[in-house]
Structures are given as structure tokens and as C-alpha cells.
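Taken together, the values in this text are just the output of simple stated rules run on the coordinates, not laboratory data. Since the model is a prediction, treat every value here as computed from it, not as a measurement. When we count neighbours, we look across all protein chains shown, and the Cβ atoms used for this are built from the backbone with ideal geometry, even at glycine.
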Amino acid sequence: MSCTIIVGGFFGDEGKGKIVAHIAHHDHPSIISRGGVGPNAGHTVLVGEKSYGVRMVPSGFVYPRSRLMIGTGVLVDPRIFLHEIDLVHVRDRTFIDKRCGIIEPDHIARDKGSDHLAKTIGSTGSGCGPANSDRVMRTSRLARDVPELEQFLVDVPEEINGALNRGDNVLLEGTQGFGISLYYGTYPFVTSKDTSASQIAADNGVGPTRIDDVIVVFKAYPTRVGEGPFSTELSRDRSDAMGIQEFGTVTHRQRRIGEWDGSMARYSAMINGCTQAAITGIDRVDKDCFGVTDFSKLSVKARDFLAMAEDDIGVPVTLISTGPELSQIIDMRDV
Ligand code: IMP
Ligand code: MG
């Protein structure tokens with residue numbers, strides 16, 4: 001049995017969803033459970049011809065055999081949750097911890113209000129900051145207080161720890177990224193909670209002694225949405241010239257693009273307790289690496305980059321994503 005946490009090493013949007021999906025298809029976890037803040041996170045998925053931004057359902061839903069859970073620490077917006085479970089057809093296998101905090105319309109209004117977080121720090125306006133604030137003030141409703149959620153309620157820690165006792169694999173997926181952690185990020189330009197691996201374990205009620213692996217996902221060219229410092233940021237002209245353009249899943253804002261930040265990678269790996277690293281977007285380091293599935297077929301330029309990254313992070317890079325599709329990956333975990 002093994003319990004693996006997957007978190008983002010930079011400012012979010014590192015491509016965690018794809019890494020979760022890949023690992024799920026290989027390791028067959030019986031549960032994939034989400035930690036992190038709430039519906040401020042987004043994951044873009046293709047359903048038929050259309051693409052949708054999923055914000056409450058764990059990104060591991062693309063693996064059809066896992067039960068999907070939302071951990072105790074996560075904020076739930078019931079309207080978004082109820083919409084998404086039917087959108088991606090996971091109503092029968094998705095569960096919420098009974099103690100999740102609830103996002104009310106008033107939280108969204110407060111987040112978006114004229115002198116509020118959307119303006120000052122560039123929050124996503126999804127209500128997470130005000131909802132976490134109410135939760136801390138102990139005035140928040142919890143999932144158990146919402147009749148529409150009743151059929152989905154479980155005790156997530158009981159489910160996960162029970163699965164681990166039976167010898168199952170479990171995946172805990174983080175959202176956001178290290179750089180926007182309330183504790184370790186670029187305060188005040190951060191989200192309303194810690195985003196490190198320890199927080200993801202706590203969000204799911206899994207004690208630190210039960211975690212076997214922490215996979216930190218780093219993007220070859222990190223991105224940041226919203227305001228705040230970004231020391232390796234490239235000018236828009238530079239990143240446009242390199243053909244790199246990205247837009248946020250939740251807010252559709254254009255993401256800021258930067259170069260690899262070795263000291264941030266090292267610090268992030270330390271606090272996350274990284275045991276293995278994943279690098280996404282290696283095809284941006286060298287276009288010839290697009291879609292490569294065999295390490296020996298990577299170019300010298302890409303391999304030099306990976307050697308540098310591995311040196312910064314201090315643990316082996318075991319997963320290398322070479323394109324957006326699930327199959328476009330090099331997995332060296334068992335080599
Ligand atoms: P909030 O979490 O909506 O309050 O936003 C606070 C900051 O974190 C803003 O700069 C957001 O753009 C950023 N942020 C929140 N969630 C994510 C995410 O999932 N990916 C990337 N940035 C995020
Ligand atoms: Mg995202």
C-alpha cells in the first residue's frame with residue numbers, strides 16, 4: 001500500500017492534473033482525494049469536443065475506477081459541486097467530508113467587492129478568502145448543514161485511513177502552488193491557506209507518518225496569475241516570441257510566464273518534503289522533445305535542463321511531461 005501526495009512546486013497550474021491522471025492509471029488508487037483551498041483552483045478537461053474548467057471535482061476523475069473525495073479542509077461551493085458532478089458524470093463515486101466549509105453567495109460578493117481581494121491582490125473572486133475567514137471566526141456553515149449535499153457526505157479520514165489499512169493505494173492531490181501558500185508564499189499576494197504537502201495531508205485527515213511519497217510538480221517555465229512578485233518573470237514580448245501563452249482556468253486571465261527558478265525550487269522541495277519531482281512542459285525547453293516517451297530520445301538540451309533542475313530540487317526527477325496528452329510522459333519511477 002502507499003499514500004502519495006502530489007503538489008505544485010511553483011505558483012500553481014504546473015500540470016498536476018495530468019500527473020495525477022497518469023499515476024492513477026498506473027497505480028490504481030482506490031481513492032483520489034483533494035486537499036487545497038476550494039473552487040479557486042481550476043483544471044481544464046476535454047469532454048467530447050468542448051473543454052470545461054473543473055473546480056471542485058478532483059482532477060483525478062479521469063481515472064474511472066477511483067472513488068473521488070473532497071477533504072475536510074477544502075471549501076465547497078455547493079452550486080459548483082452539484083453542477084460539475086453531472087458535467088463529468090461522477091455523481092455516483094464522489095464524496096465530500098461532512099465538515100468541509102461552505103462558500104455562500106455573500107463570500108463571493110465580498111471577494112469581488114470594490115475594495116476587496118479581487119482588486120488588491122488579484123484573488124480569483126471565488127469567495128475562498130472570505131469563506132476561510134468565516135470558518136476561522138467559527139461562523140461558517142459546514143457541508144453537514146447543507147441538505148443538498150447530504151447524499152455525498154462521508155468521513156473522509158475514515159475512508160482514506162481504512163483504505164490504507166486494507167493495503168490500497170491512495171492519491172492525495174493538492175491544488176494551487178507553493179508560491180501562493182499563506183505561510184510560505186509571497187504574502188500578502190497569496191491564497192487563504194497553506195498549500196504545502198503537510199497541509200494537503202491535514203486537509204484529508206491523514207497523519208504525516210502515513211505518507212509514503214510526496215511528488216512535487218514543477219513547470220519548466222513557471223507561470224503566475226494575479227498580482228505579486230515573480231522574480232524570474234519574462235516580459236510579455238519575450239514569452240510571446242517564445243510562443244508561450246496561457247490563460248487561467250477559473251478567471252481566464254492571461255498567465256504571467258517566467259523562467260526556471262532554482263532557489264524557489266529548492267526551498268519548495270524542502271518544505272514539501274519532496275521525495276520525487278515531476279517536470280512538465282519540457283517541450284518548451286526544446287520543441288523537439290514534444291511527445292517523446294523514452295528518456296534516451298530526449299535532446300541534450302532537455303537533458304541538461306533536467307540535470308540542472310534535479311540539482312536544484314535535490315531529489316530525482318522521475319516523471320517528465322512532454323505534451324498535454326496523457327500518453328505524452330516519461331515515467332522513470334520504476335526504472
Ligand atoms: P484566491 O485564492 O482566490 O483568494 O486568490 C489569491 C491569489 O492566488 C491570486 O493571485 C490567485 O490568482 C491565486 N490563485 C488561487 N488559486 C489558484 C490556482 O489554483 N492556480 C493559480 N493561482 C491561484
Ligand atoms: Mg489550475
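What the table below lists for this structure:
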{"read-out": "Rounded to the nearest 20 debye, dipole of the chain from Cβ charges on Lys, Arg, Asp, Glu", "value": "440"}
{"read-out": "Charged-residue dipole, Cβ positions (Lys, Arg, Asp, Glu), the stretch 1-85 about Cα centre, Debye nearest 20", "value": "140"}
{"read-out": "Cα gyration tensor, the chain - rounded (a/c under 1.5), prolate or oblate", "value": "oblate"}
{"read-out": "Shape of the stretch 276-335, Cα gyration tensor, a/c cut at 1.5", "value": "oblate"}
{"read-out": "Qualifying aspartates and glutamates (Cα of each under 14 Å from Cα of K301; at least 8 residues distant if same chain)", "value": "D283, D286, D288"}
{"read-out": "Vicinal HN-Hα couplings computed from phi for the stretch 182-187 (Karplus, 6.51 cos²θ - 1.76 cosθ + 1.60; Hz; Gly/Pro x)", "value": "4, 8, 10, x, 8, 3"}
{"read-out": "Prolate/oblate/rounded label for the stretch 204-265 (Cα gyration tensor, a/c 1.5)", "value": "prolate"}
{"read-out": "Compactness index (Cα Rg / 2.2 N^0.38 Å), the stretch 99-204", "value": "1.22"}
{"read-out": "Between the stretch 58-136 and the stretch 207-263, the alpha-carbon center distance in angstrom", "value": "22"}
{"read-out": "Residue pairs, from the table K50/K297; K16/K119; K16/K193; K50/K112; K18/K119; K16/K287, whose Cα atoms sit over 25 Å apart", "value": "K50/K297; K16/K119; K50/K112; K18/K119"}
{"read-out": "The chain, helix-only ellipticity at 222 nm - DSSP H runs n ≥ 4, -39,500 (n - 2.57), divided by all residues, nearest 500", "value": "-7500 deg cm²/dmol"}
